[in-house]
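Take a look at the structure below.
Computed from the coordinates by the stated procedures, all read-outs in this text should not be read as laboratory data. Because the structure is a prediction, the values reported are computed rather than measured. Virtual Cβ from ideal backbone geometry, glycine too; neighbours counted across all protein chains shown.
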2 protein chains.
Amino acid sequence: MLIPLVLCALAAPPALSTTAGAEKVRDRALSGGSVAVEVLQSLTSEIGGRPVGSPAMTRAKDWAVKKLTALGFQNVHVEDFTKKDAWLRGPEAASMTAPYGLPLSFSGLGKSAPTPPGGIEADVAVFRSLEELKAAAPGSLAGRIALVNQPMTRTQSGEGYGSAVAVRGAGPSLAAARGAVAFLTRSIATGPGRAPHTGATHYDDDVPRIPAAALGVADADLVMRLAAQGPVRVSLSMSSTLIENAPAWNVVGEVPCRANPKAGTIVIGGHLDSWDPGQGAVDDGAGVAITIAAAKLLAEGPPLKRNVRVVLFGSEETGGSGEAYALAHAAEVPQLVLAAESDSGAGPLYRLALPKGVAADPALFGLATALAPLRIFITDDVAEHGGSDMEGLMDAGVPIVEFDADASRYFDIHHSADDTFDKVERADLEQSVAGWAVLLSFLANSALDLRPHVDAVASKP
Amino acid sequence: MLIPLVLCALAAPPALSTTAGAEKVRDRALSGGSVAVEVLQSLTSEIGGRPVGSPAMTRAKDWAVKKLTALGFQNVHVEDFTKKDAWLRGPEAASMTAPYGLPLSFSGLGKSAPTPPGGIEADVAVFRSLEELKAAAPGSLAGRIALVNQPMTRTQSGEGYGSAVAVRGAGPSLAAARGAVAFLTRSIATGPGRAPHTGATHYDDDVPRIPAAALGVADADLVMRLAAQGPVRVSLSMSSTLIENAPAWNVVGEVPCRANPKAGTIVIGGHLDSWDPGQGAVDDGAGVAITIAAAKLLAEGPPLKRNVRVVLFGSEETGGSGEAYALAHAAEVPQLVLAAESDSGAGPLYRLALPKGVAADPALFGLATALAPLRIFITDDVAEHGGSDMEGLMDAGVPIVEFDADASRYFDIHHSADDTFDKVERADLEQSVAGWAVLLSFLANSALDLRPHVDAVASKP
């Protein structure tokens, strides 16, 4: 597909008022003008799951270059970085051996240590919360496998994940410090699906690195029920490959302001890598597709006053791509007007979190008006985060906004084999593209600087 | 119903560990041991809507005294205060007069000025957001009725209300400052119901106090659609009574720690007053019923180490009862361990927001464990608010916790004629009682002081 060359007007007023322009691009997204569904279908069908360090991720990088080029993006290129420790799953198996021989649905956690070659078999000690594990005495888990079976609360904001995921991250070292030989968590998930949900864990320096895995929700409940009646024994076998200094990539495409290359730049994007069990559809093929589609809608309209840059980050799930990007672009920070990552699923969006004070600026009154029919409100009352890949830029002082999708169903499938293309609703995805396009249209056509607001807040006592 | 006299053990250890005791009271709530449904049914059936200053509110006060006494609460009494300006709705009517004669579903906003005796008839100026109204020039609305038709976003946390309700509160004075003769808002509501949603507004001192009302969602959309084609004219007639220095009441009942009257006191409650169109079921008969039921479950168990006090606030909707309570109990503040209001509907609860740092205290590990099966997580990352009636106590330094129910459907019916008993799900209400009972059980049987945590945070730079 060929897009007419976009030239940005340096002094000429835009053809439409900023609000009307944003509404036009919004309505195009809602009426079939977005490429998001086709991009997402292509990525999930042609590449599938793509952990950093895997052959699939290499193919994903090539796919991204080809796709951005075909869609008419300018300055399409790959930025290399090194992933210190890429973790790839090997064969793994788990089962209950007592009181009954039963299969268990499970998945090793990312970065988990492998079991010894013969595997591990031990009695399970069950805890109903991370706090109950914390209260266990040192040595009390000697020779046992610890299971924390703490349910995750379904929330719209994803806040329930923030609370529950501490089990996955901190659990292994807390269990090891009390003598455990392996760690199991109930899947950090809201749905009833049998499929286990993986995700990264981490180890503290001062305790043994014990193997760590997630059980399916039903399997964790089963172990807990049986453990209330007597000893439950589980056998675990896990292997994995740790690739030191693996090659990794952020892939970039731009809609430039040609008339003024020194114009400020807006960075948006999603992450291209994903976990291995599924297709990486909602996490984060959706973010890739939404931000590409929104930027393309802008490219098809009148010239912009700022550059729009789409960055597809190459190692979000176990970290590294955001830091690499911030490091490589440190000198460019003063030109970066705004950065935002789409990493909360396939929509619909419901909340745009701006830095403190920004929403009260009359220059943004029209932004609220253009977002209102999408049922998106603006707030400055949310702790800024904006996605893992944004942390490096945020620390460097780039204004970050967080655009939140309704995550009520996201954690039913996230990080599991169920994260596939069919789970995405076309209307929700298009509403997300419309929201991102409104934000981009507004800020790429306005002179508003979000930075002074950030400073004003930061300098308050 | 007679409850055995409860004596609190001063030094004797409780019969069960704190966690086990909390789990016992939780499971009683979940298995039919709660009086919440019967209390809510009684209040909504026997009293109905009960704005402060109305005869119904006087009957509600008497109902509360009788109910608390019958349920075995101790020290049941009424605390009088004066409501400076109680507002009661009089006859009101609205219709479209051009381009078509059509009825309009509408409701005057609480504290609205009346129309002149002959009513107001004028052309409508439609705005799609509060920001669009703000951007209108001074004088541009001269002789017109302003309508802000800004949709409210459905959120689990109720955050969408916080964003949308600014239209109801600030809209009338913003419109008046631009010359408008009356103000209409789309109902601040998430549902498609035709019934209008009322609620309090307020006036700035320096602009005319123009009549203000809410249109039904469908009616606001209708006016906007027709206004896109040509002038729309609306006729409004509103009357109301403002009672200066109306008698008002907070009603109190206790589960005392008899062995040590100087033991700390935990204050919980809901608000007894409600808006007039409905029965005040989810707002806030639910809070009344939940907190009464949770405290009664505690009263039926082993002796407590602290006093539990239920306060039914008598003027939340237009303000006054929280301030009156804090003023009357200023000297008692050092003994108030904790205060919390249930005012986010009939459940289910999903989030317990504690003051910063509290959840990390090992004394509360069991609280997380007892709440986990209810799918309630603990956070300290929510801006403390805890309900309007808590503001006075919070300002006085009493630790406040916020126990949040899922509000996804709450604003479909809130402040409208649809706020009736049948909307409440028994299982959700009982889950809420279980959550409150766990919190109460934990804190009424522990020595944990939430105040040092508050001070520690407050004293940080």
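Looking down the axis that turns chain A into chain B, the chain A residue with its beta carbon nearest that axis, and the gap rounded to whole angstrom, comes out as A:Gln156, 2. Here the 3J(HN,Hα) profile of the stretch A:410-421, calculated from phi with Karplus coefficients 6.51, -1.76 and 1.60 at θ = phi - 60°, is 4, 7, 6, 10, 3, 6, 10, 4, 7, 7, 10, 4 Hz, Gly and Pro shown as x.
Here is the P(r) of the protein assembly as shown: all C-alpha pair distances, binned every 10 Å from 0, give 2, 11, 19, 22, 21, 15, 8, 2, 0, 0 in whole percents. Remark: C-alpha extents of the stretch B:100-231 on the principal axes read 39, 36, 29 Å, sorted largest to smallest.
Sort out for me the Cα centre separation of the stretch A:289-303 from the stretch A:180-198, rounded to whole Å. Cα centres, the stretch A:289-303 to the stretch A:180-198: 39 Å.
Close amide H contacts of A:His329 (hydrogens built in the peptide plane, cut-off under 5 Å, sequence separation of 5 or more or a different chain): none are found.
Each stretch of four or more DSSP H residues adds -39500 (n - 2.57); spread over every residue of chain A, this sum gives -9000 deg cm²/dmol at 222 nm.
Just to verify a number: FRET efficiency for A:Leu242 and A:Glu300, C-beta to C-beta distance, R0 = 45 Å, to 0.05? Taking R0 as 45 Å, the efficiency between A:Leu242 and A:Glu300 is 0.50.
With label points defined 7 Å past Cα in the direction of Cβ, position A:Ala363 shows copy-to-copy spacings of 5.1 nm, given to one decimal and shortest first. Across chain A, the volume of the C-alpha convex hull divided among the residues equals 141 Å³ per residue.
Would you pull out the residues with amide H under 5 Å of B:Ala98's amide H, same chain only if 5 or more places away, H placed 1.01 Å from N? Amide H neighbours of B:Ala98: B:Arg233. Peptide A:122-132 is shielded by partner chain Cβ atoms: per residue, an average of 4 of them sit within 10 Å of its Cβ.
Shown for A:Pro334: label points 7 Å from Cα along the beta-carbon vector, and their distances to the equivalent points in the other copies, 5.8 nm in ascending order.
Taking every residue in B:145-155 and counting other chain Cβ atoms within 10 Å of its Cβ, the average works out to 4.
For the stretch B:327-461, the equivalent ellipsoid derived from the alpha-carbon gyration tensor has semi-axes of 27, 19, 13 Å in decreasing order.
Taking other residues whose beta carbon is less than 10 angstrom from the beta carbon of B:Leu297, and scoring Lys, Arg as +1 and Asp, Glu as -1, yields +3. Residues A:Ser173, B:Ser34, arranged from fewest to most other Cβ atoms within 10 angstrom of their Cβ, appear as A:Ser173, B:Ser34. In terms of surrounding Cβ atoms within a 10 Å radius of their Cβ, A:Thr58, B:Thr198 rank from fewest to most as A:Thr58, B:Thr198.
The fewest-to-most ranking of A:Val267, A:Val78 by surrounding Cβ atoms within 10 Å reads A:Val78, A:Val267. Considering every residue in A:364-372, what mean count of other chain Cβ atoms within 10 Å of its Cβ is obtained? Across A:364-372, the average partner-chain Cβ count within 10 Å equals 5.
Projecting 7 Å from Cα along the Cα-to-Cβ direction, the label point of B:Pro208 sits 8.2 nm from its equivalents in the other copies, listed shortest first. A Cβ-based charge dipole, computed about the Cα centre of the stretch B:289-413 with Lys and Arg at +1 and Asp and Glu at -1, lands at about 620 debye.
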